[in-house]
Structures are given as C-alpha cells and as structure tokens.
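Novice: Starting off with a structure, shown below.
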Amino acid sequence: MGVVGIFGGRFDPPHEGHRALAEAALAQLPIDELRITVVEDAAHKGTEAGAGDRLAMARLAFAGLPATVELERHRYTVDALEAYGLDDPIFLIGADELADFPTWKEPERVLELARLGVAARPGYAAATSAPRILTFGLQPHPVSSSEIRARAAAGEPLDGLVAPAVAEYVAAHDLYGAG
C-alpha cells in the first residue's frame, strides 16, 4: 500500500469547499489512497444531522473521487490514527484548523502517527518550515457548513454551495429545518 491520505470531519453537511480540499490534496500531495472519514461523535463540536445522514451526504459529495468514505467512531484524531495503524499517512486539514492544532488531544502524538497536509488559505500563516507538515494550495471557497444549515433552515437554495445530490438529500430528509 502506498501513502494514505485521511480527510476527516463532521461534514454537517459536506460542501464544495470540502470537495475542493480533497481534490487539491489528491492533485498536489503524494497520496495513493484517500480515506474520507465522517466522525460519528466529534469531541469538539456537536452535530445537527445524525451520523447516518452525514455519511450518506459525504458519499454523495465525494462521488467520483478516487476515495473511500467511511464512518469513524473515534472522538479524537489521535485515537483514530492509532487504531488505523497506517505507515505515515497524511492527515488533511485546513489552515484554520492548524491554528487550533495545539489544543487537540495529544498533538505531538498525532504528528508521530501522521504527517499533516494543510490546505493553505488566505489570512492564515503558512507552516511550510515545520517538520511533518506539508502545505498545499487551495482556491478559497467562502462557504461554511453553518451557513449552509442556516440557508436550508430559511428555505433558501443551496446551489453552488453543496453538490446538487447533497441539496436534494437535505430537502428529501428534512435536514436542518429544510422541510
């Protein structure tokens, strides 16, 4: 097996910025296999949609990419990485998450278990000089899951923010007050 990239998150819901990050990582980093993991119960933030709905939406959002989408039952990144037992994977995050990295559970251990692939974003310092951190370019996507949830609750269209299949899923399953 070659280098495994791991892109984990709540994906509540997954949006076009998430997909763009996965595509950019596949294009710019030495990743042979990409695993997208939907965190069942995130330690740092709650979720609005259930794990099953978020997993289904992630499968729709990342369809067509050479990636597997699976449910992750560990609450912390370090626990998931230890359970995977992979040889030097690349864990993908955005530059905004890198700013919070020192507050993660056992950040030093995370860096022992995996390299970080950090999507560069305007307004965040690049970490190109740090060992075990790879930076890759990402075109800005001014979208957030909280904004999408608010738009869905207000009955506003989600065009351009999420994949059409995700928008249809949100409406069909009355997620985020979309009904």
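The values are calculated or read from the model by the stated rules, or taken from the named source; none is laboratory data. Everything quoted here is computed from the prediction, not taken from an experiment. Every residue, glycine as well, gets a Cβ built from its backbone with ideal geometry; the counts of neighbours run over all protein chains shown.
Novice: Can you tell me which residue is surrounded by the most Cβ atoms within 10 Å (Cβ to Cβ) among those in the stretch 19-28 that are closer than 26 Å to GLY50 by Cα and either free of Cβ contacts under 8 Å to residues at least 12 places away in the same chain or among the aliphatic types (A, V, I, L, M) (or both)? Quick ask: steps written out before the conclusion?
Specialist: Step one: list which residues in the stretch 19-28 are closer than 26 Å to GLY50 by Cα, which gives 19-23.
Retained after the next criterion (residues that are either free of Cβ contacts under 8 Å to residues at least 12 places away in the same chain or among the aliphatic types (A, V, I, L, M) (or both)): 20-22.
On the way: ALA20: 16, LEU21: 21, ALA22: 23.
Applying the filter and picking the extreme gives ALA22.
Novice: For GLU72, all conditions in the list (1) of a type in the set (Asp, Glu); (2) under 23 Å from ARG115 (Cβ atoms); (3) surrounded by fewer than 18 Cβ atoms within 10 Å (Cβ to Cβ) hold save one; what is the number of the exception?
Specialist: (3)
Novice: Residues of the stretch 34-47 being in contact with a Gly (Cβ under 9 Å, 6 or more places away or on another chain) and either assigned to a strand (DSSP E or B) or under 19 Å from VAL162 (Cα atoms) (or both), which ones?
Specialist: LEU34, ARG35, ILE36, THR37, VAL38, VAL39
Novice: Inspect all residues belonging to the stretch 89-103 and state whether any of them is β-branched (Val, Ile, Thr), touching a helix residue (DSSP H, G or I) at 6+ places or on another chain (Cβ under 9 Å) and within 18 Å of GLY2 (Cα to Cα).
Specialist: yes
Novice: With the condition kept exactly as written, say whether any residue in the stretch 7-18 is buried (at least 20 other Cβ atoms within 10 Å of the Cβ) and either out of contact with any Ser or Thr (no Cβ under 9 Å at 6 or more places or on another chain) or free of Cβ contacts under 8 Å to residues at least 24 places away in the same chain (or both).
Specialist: The answer is no, given that none of the residues of the stretch 7-18 is buried (at least 20 other Cβ atoms within 10 Å of the Cβ) and either out of contact with any Ser or Thr (no Cβ under 9 Å at 6 or more places or on another chain) or free of Cβ contacts under 8 Å to residues at least 24 places away in the same chain (or both).
Novice: Now for a separate question. Does ALA80 qualify as being surrounded by 13 or more Cβ atoms within 10 Å (Cβ to Cβ), farther than 22 Å from ARG35 by Cβ and either at pLDDT 85 or above or aliphatic (A, V, I, L, M) (or both)?
Specialist: Taking the combined requirement at face value, the residue does not satisfy it.
Novice: Considering only the stretch 48-70, how many residues are without any contact (Cβ under 8 Å) to a residue 60 or more places away in the chain and part of a helix (DSSP H, G or I)?
Specialist: Adding up the residues that qualify gives 6.
Novice: Further question on the same structure: Picking from ASP87, ASP96, which residue would you name as being among the acidic types (Asp, Glu) and either crowded, with 16+ Cβ neighbours inside 10 Å or under 15 Å from the mean Cα position of the chain (by Cα) (or both)?
Specialist: It is ASP96.
Novice: Tell me yes or no: at least one residue of the stretch 44-61 is at pLDDT 95 or above, under 30 Å from ALA153 (Cα atoms), buried (at least 22 other Cβ atoms within 10 Å of the Cβ) and in contact with a His (Cβ under 7 Å, 6 or more places away or on another chain).
Specialist: Yes: one or more hits.
Novice: Yes or no: ALA83 free of Cβ contacts under 8 Å to residues at least 12 places away in the same chain and in a helix (DSSP H, G or I)?
Specialist: Yes: the conditions hold for ALA83.
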